[in-house]
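Structure first, then comments.
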Amino acid sequence: RGLRVLRVDGTLGWTLSRAIPLQDANGEIVEWLGAASDITVRKQAQEALAASESRLRALLDSASQAVVAVDESGRMVLVNAKTEAMFGYTRDELVGQPLEILLPELYRTAHSEHLQHYFARPRARVMGLGIDLYGRSRNGNEFPVEVSLSYVEQGGSRLAMALVTDITERKKAEERLL
């Protein structure tokens, strides 16, 4: 937390103060013992991190594709606004859930196995070359998707990043051409 303070040199800073009462034999407070620490650098770092996270969120939310990050256990750790719109769930409903809730029932077991193999040897690639892939929205609607995979290593752990595109209109156009 901290307290915003005006320093002697006229600049603003942050301080963290703590104090404990010193009591006499009767339990009466006779004085206070305290210390203060300048936490300005820490506060500035926290504010810079919050601003950076805000910029990242804005960037992700402006993407025209659904962005889903999954940890090695297969649970979603990040989704963007397009993911919410495409699948009909809120961000809070998705984060922490297994990715398989976004897949048709038929593909869920196999996908879990594919995810384990992916984390064993992660690399950027397009999923499902030569086969049709489908997503499943909250209301049960299944729709064709195209998925590109990538990964991020951070702090000794890996995240799989999926960019998902709803290709329903493209599939309809292909059918009309046939």
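The values are calculated or read from the model by the stated rules, or taken from the named source; none is laboratory data. These figures come from a predicted structure and were not determined experimentally. Please note: Cβ atoms are built from the backbone with ideal geometry, for glycine as well, and neighbour counts cover all protein chains shown. Protein only, heavy atoms only, side chains kept; ligands, DNA and RNA dropped before computing areas. Shrake-Rupley method; radii C 1.70, N 1.55, O 1.52, S 1.80 Å.
For the range 31-153, what is the accessible area per residue in Å² when the probe is 1.4 Å? Mind dumping the intermediate values first?
Details: 7680 Å² over 123 residues.
Counting only protein heavy atoms, the per-residue value for the range 31-153 is 62 Å².
Apolar share of the accessible surface for the range 1-137: 55 percent from carbon plus sulfur atoms, 1.4 Å probe. Extension gain for the segment R170 to I29, taken as residue separation times 0.36 nm less the Cα-Cα distance, is 43.0 nm to one decimal.
Determine one quarter of the surface area of the Cα convex hull of the range 97-175, which equals its mean projected area, and express it in nm² to one decimal. The partial results should precede the final answer.
Working: hull surface 24.2 nm².
Dividing the Cα hull surface by four gives the mean projection, 6.1 nm².
Relative to the Cα centre, the charge distribution of the chain, modelled as +1 at Lys and Arg Cβ and -1 at Asp and Glu Cβ, gives a dipole magnitude of about 440 debye. Based on DSSP H segments of at least four residues, each scored -39500 (n - 2.57), the chain has a per-residue ellipticity at 222 nm of -9500 deg cm²/dmol. A probe of 1.4 angstrom, applied to the heavy atoms of all protein chains, finds S52 with accessible area near 50 square angstrom.
Computed over the chain with a Gaussian network model linking Cα atoms closer than 10 Å, the most mobile of D71, D24, D38 is D24. Multiplying the residue separation of S137 and R123 by 0.36 nm and subtracting their alpha-carbon distance yields 2.3 nm. In plain terms, the C-alpha convex hull of the range 38-80 casts an average shadow of 4.0 nm² when viewed from every direction.
Once the convex hull of all Cα atoms in the chain is built, its volume per residue stands at 218 Å³. Put the Cα centre of the range 10-60 next to the Cα centre of the range 89-121 and the gap is 42 Å. The convex hull of the Cα atoms of the range 30-115, projected and averaged over all directions, covers 9.9 nm².
The alpha-carbon atoms of the range 1-56 define a convex hull whose volume equals 98 cubic angstrom per residue.
Considering only M76, Q65, L49, and ranking their Cα positions along the charge dipole of the range 32-101 that arises from unit charges at the beta-carbon of Lys, Arg, Asp and Glu, the one farthest toward the positive end is L49.
Normalised by the number of residues in the chain, what is the relative contact order in percent for Cα pairs under 8 Å and 6+ residues apart?
Numbers: 267 pairs, mean separation 27.3, N = 178.
Once normalised by length, the contact order is 15 percent.
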